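Student: Quick one: the structure is below, questions incoming.
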Amino acid sequence: MTLGVLAVLAMAFIMFAGFWTDWLWFRSVAFSSVFTTTLWTKIGLFAVFGLLMAGAVGFNIWLAHRLRPPLSAMSVEQQSLDRYRMSVAPYKKWLLLGIAAIVGLIAGASAAGQWKTWLMYVNGVPFGQKDPQFGLDVSFYTFDLPWYRFLLGFGFAAVVLSVIAAVVVHYLYGGLRVTSPGARATAAATGHLSVLLGLFVTFKAVAYWLDRYGLAVKSSDFKAADNWTGLRYVDANAYLPAKTILVAIAAICALLFFATLWRRTWQLPVIGFGLMVLSAILIGGLYPAIVQKFQVQPNEQAKESPYVEKNIEATRNAYGIANAEVKDYPGTGSNTDHAKLRADADTTASIRLLDPNIVSPAFQQLQQVKGYYGFPATLAVDRYKGQDTVIGLRELNLAGIPKNNWINDHFRYTHGYGVVAAKGTEVTKNGDPVFIQSDLPSKGEFGTGNAFKQQIYYGEQTKQYSIVGGPQKELDYSDDKGEKETSYTGKSGVSLDNPINRAAYALSFSEPQILYSGAIGDGSRILYNRTPKERVEAVAPWLTIDGAAYPAVVDGRIQWIVDAYTTTNGYPYASRTTLGDSTADSLTNSQRAVVAQENRVNYIRNSVKATVDAYDGTIKLYQWDTQDPVLKTWMKAFPGTVKAKSEIPKALIDHMRYPQDLYKVQRELLTRYHVTDAQTFLSGSEVWAVPDDPTTKTGSAVPPYYLSMKMPGQKEQAFSLTTTFTPNGRDNLSAFMAVNADPGTPDYGKIRILKLPTSTPVDGPKQVQSKFNSKPEIAQEINILSRGDSQVEYGNLLTVPLDDGLLNVEPVYVKGGGLKYPTLRKVLVTYGGQTAFEDTLEKALNVVFGAEAPSAPTTPTTPTTPPGEGTTTPPGTQDPTVKAALSDAQKAIEAAEKARQAGDWTAFGKAQDDIKAALQRAVDAEAKLTAPKPAG
């Protein structure tokens, strides 16, 4: 008995520990109302629907037993069940309670999982928009209909379980017979089961009625668009009237079942049920198929156009792309004023040479300082003092500490230290980043020493728990004078002062040392849930979290900024998208993936901007979209959790930006929904695609890029998020899209699309990259740069509209030659058919636009002719000797590549010699042509 009691107490404490630690954590972050509201909602739903299900099933078991026939009336078949009845009789009350309890627990647990549906239903705020078919507010579909469907499903489950239970009891006690002659059921059993079946058919009538509205949010296969949502011609003209007719048939059938209470015969209800099933097949299945085959398919565009227009309008509204501005743009560059082109290149955009996806190793090698620090693989792009900046935090890397043990991992090494930032548009002569904040302790433009809190206790790489503030000192940082120690003084974390808390966390983290370790004492606090995304997701479980949190120094504090979305999949007529697929690109990994509450959605808003303090973990949620009814609904459900937009500090707004994942969802939808004409939409002639990233071999979509630039018509540069489109199935460019990503400007969030002509193809990213690689002189330079253990890495291919043309810029990095990180070595630039490959961006722009001669031409064949004038290649290349030499060089390059792939290094070396010889012939021939002629 003692062991049994101890086992029960242990199980109880295990259950208590999970609850208690959750409560302590929510209280520590000042979001206890989220915990209590969620908890009480779950408990309420569990209790109400658990009792309803238990009561329904238990009542029908009791009623079936109460309506059993007398033993004298039982048949031989039923008498054979005596031993079962006798074994059940002593425990029938307990059996009744046990069955009712089991189904009640299952139903209650299922209902508790619907807490979001319930809160949205009771707190729903009108959208102020009506669906085009039924004229109902959109809130009916997003907030009400899901709850009605849950109630209907619960009703079906209760009736089905009751029927099963009643049939078993009636059979066990003689109310139903299978093999005995005479009546198969007693009058009482017939009446009981008829009522239950009548309820089932009644629920079916309600289901048919709700199905009518469900057509507005139903997804279907349609060649015009993937994940099509809403009514089409066959839905409005066949399924909708069919559902209405089936409602009436089901209601009549239900009445026939109820009438069995008086008629005591199954004949009419069985006939009625059969007719209902037949009607469902003929009216609900065959008739719509006939309409589709003989009315829609012969003239599909005319029939479907009105419904396509509704879908286009709803989809554009639901994804916030209705106001996207589409303009025609030549894309070929017709301006011949070379000086103006060169000047405009500097003012149109601040070309970011520092690729945040490549330079992390440079930050790691130049600014890591100690092995137990690390930077994320992808750094962030921000703005400081009007310039684009690449920024990263020096976070803790436990894998790099001298010795891993429990004390070191959780007490001694607890945090990272310092901000590192570099100019996005500049590099040193050696190709290294130009740091504006660096060293340890961090100093520079953001401040020095104690000017701001530099310790990073909360970050994207900080996933382990730490115990701070107690007798065990922490390592703060190391410098030339030795190690500096500190003790955490923040208010975050949960106190471990009392033994109950320690025992609960020892159990939760499966670490018994927490219970008795001497390293824990007065003031000890445990920090966990330390990544910004998981902290925001925990306090706002109704939000979908963007995949890329980013740091900023705001008013002397390091803040993580987290974009969060409200979503729903119940917006009528708006086509659905899968967040995981739409937001995936060549940079997406497990850390940068969107944290989705609902993966398939058809409505999204960046409704909340959240911050997490890197030192004390303070979480703040700010209302960003003040018109979003979904956010207003959740703010009613969780009052006080989201601060007003007016409370956002100006210094914080300066570092906010348009979120990447929202932009990627919108660009995916705009591949089709940039078209507003139904006929064009149905023809599919204007379908675009997001191109693959040409700088990688993954086949994944090109990521959008942040940079400061101005679109045609804009007077000043604005921090923007940009992308390109190609025609579906082709590689040339079809459009360029940018959104104003700077919240400090009036047109923040404004989407501008430049649509390129189809008659004059403009190179897309893949073609631009291919032309870079195929030019003999550039290929030779790349080949030289990649010799030995060196490795060439292509940076982000940035595209910028410039004077009716498109300027493409790509930094080229080299890793190797004794360095363990990539350095910027060359810059590729194209415009108007001209290409340059120079040491600096300035030189490359000079060469492409011909505004001035390059200071050090890379090869004799570097183009100097301005775009749009004369020949598109240097004059010397018209000489037959030069042309033949370059042709030989190209053939040698191709031979070298084939030899490399085949592993034939002898042939590879010979090809290298051939390349050098051919290029030397070209240089010699060019020198003869350009040599000054003798006087006279």
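The values are calculated or read from the model by the stated rules, or taken from the named source; none is laboratory data. No experiment lies behind these values; they were computed from the predicted model shown. Note that we place each Cβ from the backbone using ideal geometry, even for glycine, and neighbour counts take in every protein chain shown.
Student: When you scan the range 495-609 for helices (runs of 4 or more DSSP H) that lie fully inside it, which ones turn up with 1 or more residues that are closer than 27 Å to Y384 by Cβ and of a type in the set (D, E, K, R)? Full working, then the answer.
Tutor: Details: elements: 499-508, 513-516, 532-539, 579-582.
Answer list for the range 495-609: 532-539.
Student: Of these, I281, I252, which one is touching a residue at least 12 places away in the same chain (Cβ under 8 Å) and either out of contact with any Leu (no Cβ under 6 Å at 6 or more places or on another chain) or outside the structural domain of A216 (by TED's automatic domain parsing) (or both)? Steps first, answer last, please.
Tutor: Details: I281 fails: touching a residue at least 12 places away in the same chain (Cβ under 8 Å).
The conditions single out I252.
Student: Can I ask one more? Filter the range 319-339 for residues that are closer than 17 Å to V739 by Cβ and of a type outside the set (K, R) and give the result. Spell out the reasoning first.
Tutor: The initial filter retains those residues of the range 319-339 that are closer than 17 Å to V739 by Cβ, namely 319-327, 329.
Y319, G320, I321, A322, N323, A324, E325, V326, Y329 - these are the residues of the range 319-339 that are closer than 17 Å to V739 by Cβ and of a type outside the set (K, R).
Student: Another question, if that's okay. Could you please find all residues in the range 726-753 being farther than 18 Å from A349 by Cα and outside any loop (DSSP other than H, G, I, E, B)?
Tutor: Residues satisfying the conditions are T726, P727, L733, A735.
Student: Being in contact with a Leu (Cβ under 7 Å, 6 or more places away or on another chain) and among the acidic types (D, E) is true for just one of D747, D763, D692, D731. Which residue is that? Steps first, please.
Tutor: On the way: D747 fails: in contact with a Leu (Cβ under 7 Å, 6 or more places away or on another chain); D692 fails: in contact with a Leu (Cβ under 7 Å, 6 or more places away or on another chain); D731 fails: in contact with a Leu (Cβ under 7 Å, 6 or more places away or on another chain).
The match here is D763.
Student: With (1) within 30 Å of T568 (Cα to Cα); (2) surrounded by fewer than 22 Cβ atoms within 10 Å (Cβ to Cβ) as the list, and S279 as the residue in question, which single condition is left unmet?
Tutor: (1)
Student: Test each condition in (1) within 30 Å of A735 (Cα to Cα); (2) at pLDDT 90 or above for Q295 and report the one that comes out false.
Tutor: Q295 satisfies all of (1) within 30 Å of A735 (Cα to Cα); (2) at pLDDT 90 or above except (1).
Student: What single numbered condition from (1) in a helix (DSSP H, G or I); (2) modelled with pLDDT of 85 or more; (3) of a type outside the set (V, I, T) fails to hold for P132?
Tutor: So P132 meets the others, but not (1).
Student: Residue check: is A314 among the hydrophobic types (A, V, I, L, M, F, W, C) and under 29 Å from the mean Cα position of the chain (by Cα)? Don't jump to the end; show me each part of the working.
Tutor: On the way: among the hydrophobic types (A, V, I, L, M, F, W, C): yes; under 29 Å from the mean Cα position of the chain (by Cα): yes.
Here the answer is yes, as A314 does meet what is asked.
Student: Scan P402, P356 and give me the residue that is crowded, with 17+ Cβ neighbours inside 10 Å and assigned to a loop (DSSP other than H, G, I, E, B). Explain how you work it out, then say what you get.
Tutor: Working: P402 fails: crowded, with 17+ Cβ neighbours inside 10 Å.
Answer to the check: P356.
Student: For the range 610-625, which residues satisfy the criterion of being within 30 Å of I358 (Cβ to Cβ) and part of a loop (DSSP other than H, G, I, E, B)? Walk me through how you get there before you give the answer.
Tutor: Narrowing the range 610-625 to residues within 30 Å of I358 (Cβ to Cβ): 610-615.
Matches in the range 610-625: A614, Y615.
Student: Mind listing whichever residues of the range 772-806 are under 19 Å from S720 (Cα atoms), outside any strand (DSSP E or B) and either of a type in the set (A, V, I, L, M, F, W, C) or assigned by TED's automatic domain parsing to the domain that holds K883 (or both)?
Tutor: Of everything in the range 772-806, just one residue is under 19 Å from S720 (Cα atoms), outside any strand (DSSP E or B) and either of a type in the set (A, V, I, L, M, F, W, C) or assigned by TED's automatic domain parsing to the domain that holds K883 (or both), namely L797.
Student: Could you identify the single residue in L828, L819 that is farther than 23 Å from G713 by Cα, surrounded by fewer than 18 Cβ atoms within 10 Å (Cβ to Cβ) and in the same structural domain as P704 (by TED's automatic domain parsing)? Full working, then the answer.
Tutor: On the way: L828 fails: surrounded by fewer than 18 Cβ atoms within 10 Å (Cβ to Cβ).
Only one candidate qualifies: L819.
Student: While we're on this one: For the range 48-90, which positions are modelled with pLDDT of 95 or more and farther than 21 Å from V159 by Cβ?
Tutor: Passing the criteria: none in range.
Student: Take the conditions touching a helix residue (DSSP H, G or I) at 6+ places or on another chain (Cβ under 8 Å), under 26 Å from Y658 (Cα atoms) and surrounded by fewer than 16 Cβ atoms within 10 Å (Cβ to Cβ) and apply them to P512. Does it pass?
Tutor: Details: touching a helix residue (DSSP H, G or I) at 6+ places or on another chain (Cβ under 8 Å): yes; under 26 Å from Y658 (Cα atoms): no; surrounded by fewer than 16 Cβ atoms within 10 Å (Cβ to Cβ): yes.
When the stated conditions are applied, P512 does not pass them.
Student: Another one. Among the listed residues R342, R316, R383, R412, identify the single one that is in contact with a helix residue (DSSP H, G or I) (Cβ under 8 Å, 6 or more places away or on another chain), over 21 Å from F736 (Cα atoms) and not aliphatic (A, V, I, L, M).
Tutor: Values: R316 fails: over 21 Å from F736 (Cα atoms); R383 fails: in contact with a helix residue (DSSP H, G or I) (Cβ under 8 Å, 6 or more places away or on another chain); R412 fails: in contact with a helix residue (DSSP H, G or I) (Cβ under 8 Å, 6 or more places away or on another chain).
Exactly one of R342, R316, R383, R412 is in contact with a helix residue (DSSP H, G or I) (Cβ under 8 Å, 6 or more places away or on another chain), over 21 Å from F736 (Cα atoms) and not aliphatic (A, V, I, L, M), namely R342.
Student: Please give the number of the condition T462 fails out of (1) at pLDDT below 90; (2) within 20 Å of A399 (Cβ to Cβ); (3) under 32 Å from the mean Cα position of the chain (by Cα).
Tutor: The number of the failed condition is (1).
Student: Can you spot a residue in the range 672-682 that is assigned to a loop (DSSP other than H, G, I, E, B), surrounded by fewer than 22 Cβ atoms within 10 Å (Cβ to Cβ) and not acidic (D, E)?
Tutor: Filtering the range 672-682 for residues assigned to a loop (DSSP other than H, G, I, E, B) gives 674-677.
Those still in the list that are surrounded by fewer than 22 Cβ atoms within 10 Å (Cβ to Cβ) too: 675-677.
Cutting the leftovers down to not acidic (D, E) gives us 675-676.
Within the range 672-682, one or more residues are assigned to a loop (DSSP other than H, G, I, E, B), surrounded by fewer than 22 Cβ atoms within 10 Å (Cβ to Cβ) and not acidic (D, E).
Student: From the list A644, A678, pick out the single residue that is more than 23 Å from T425 (Cα to Cα) and in contact (Cβ under 8 Å) with a residue 40 or more places away in the chain.
Tutor: One residue alone meets the criteria, A678.
Student: Also: Among the residues of the range 212-232, count how many are surrounded by fewer than 20 Cβ atoms within 10 Å (Cβ to Cβ) and among the hydroxyl-bearing types (S, T, Y).
Tutor: Final tally of qualifying residues: 2.
Student: Check Y477 against each of (1) assigned to a helix (DSSP H, G or I); (2) modelled with pLDDT under 90; (3) not basic (K, R) and name the one condition it does not meet.
Tutor: (1)
Student: Could I ask something else about it? Looking at the range 595-610, which of its residues are touching a Leu at 6+ places or on another chain (Cβ under 9 Å), in contact (Cβ under 8 Å) with a residue 60 or more places away in the chain and within 13 Å of T142 (Cα to Cα)?
Tutor: I604
Student: Can you work out which of the residues in the range 586-612 that are touching a Lys or Arg at 6+ places or on another chain (Cβ under 7 Å) and surrounded by fewer than 21 Cβ atoms within 10 Å (Cβ to Cβ) is modelled with the lowest pLDDT? Before the answer, list the steps.
Tutor: To start, the set of residues in the range 586-612 that are touching a Lys or Arg at 6+ places or on another chain (Cβ under 7 Å) comprises 595, 600-602, 610-612.
Filter once more, so that each one left must be surrounded by fewer than 21 Cβ atoms within 10 Å (Cβ to Cβ): 595, 600.
Numbers: V595: 73, R600: 88.
This residue is V595.
Student: Mind checking which residues of the range 796-822 are within 13 Å of R352 (Cβ to Cβ) and among the hydroxyl-bearing types (S, T, Y)?
Tutor: T799
Student: Being within 22 Å of T626 (Cα to Cα) and under 11 Å from the mean Cα position of the chain (by Cα) is the filter here; which residues of the range 564-593 pass it?
Tutor: A564, Y565
Student: Name the one entry in P639, P704 that is over 24 Å from the mean Cα position of the chain (by Cα) and not assigned by TED's automatic domain parsing to the domain that holds Q301.
Tutor: Numbers: P704 fails: over 24 Å from the mean Cα position of the chain (by Cα).
None of the other options fit; the residue is P639.
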